[in-house]
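All remarks here apply to the structure that follows.
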Amino acid sequence: MVTTLSDTTEGGLFQARGYSTVICDPGDIAQALQPDEFFLTDQFQEGWRFMENLILDCCR
């Protein structure tokens, strides 16, 4: 899933210098930036696998 969201991350600093950015976080966007924000263990594991695969793909 690809979602566009304006949020407070360091991504804006990179974009200001002309770099494209992608911010990846585990969990459901509906739970993000809430007072009781959380993600489930399986969501974390899925995010971990995503990052592992991204790194492996970039290193090929």
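Here are some notes:
- Pairs meeting the criteria (first residue in segment 35-58 and closer than 16 Å to residue 25 by Cβ, second residue part of a loop (DSSP other than H, G, I, E, B), beta carbons under 6 Å, at least 6 apart or on different chains) are 39/26; 39/27; 43/26; 43/27; 44/26; 47/26.
- Restricting segment 21-51 to residues that are assigned to a helix (DSSP H, G or I) and modelled with pLDDT under 90, the residue that is nearest to residue 10 (Cα to Cα): 29
The values are calculated or read from the model by the stated rules, or taken from the named source; none is laboratory data. Just so it is clear, the model here is predicted, and its values are computed rather than measured. Every residue, glycine as well, gets a Cβ built from its backbone with ideal geometry; the counts of neighbours run over all protein chains shown.
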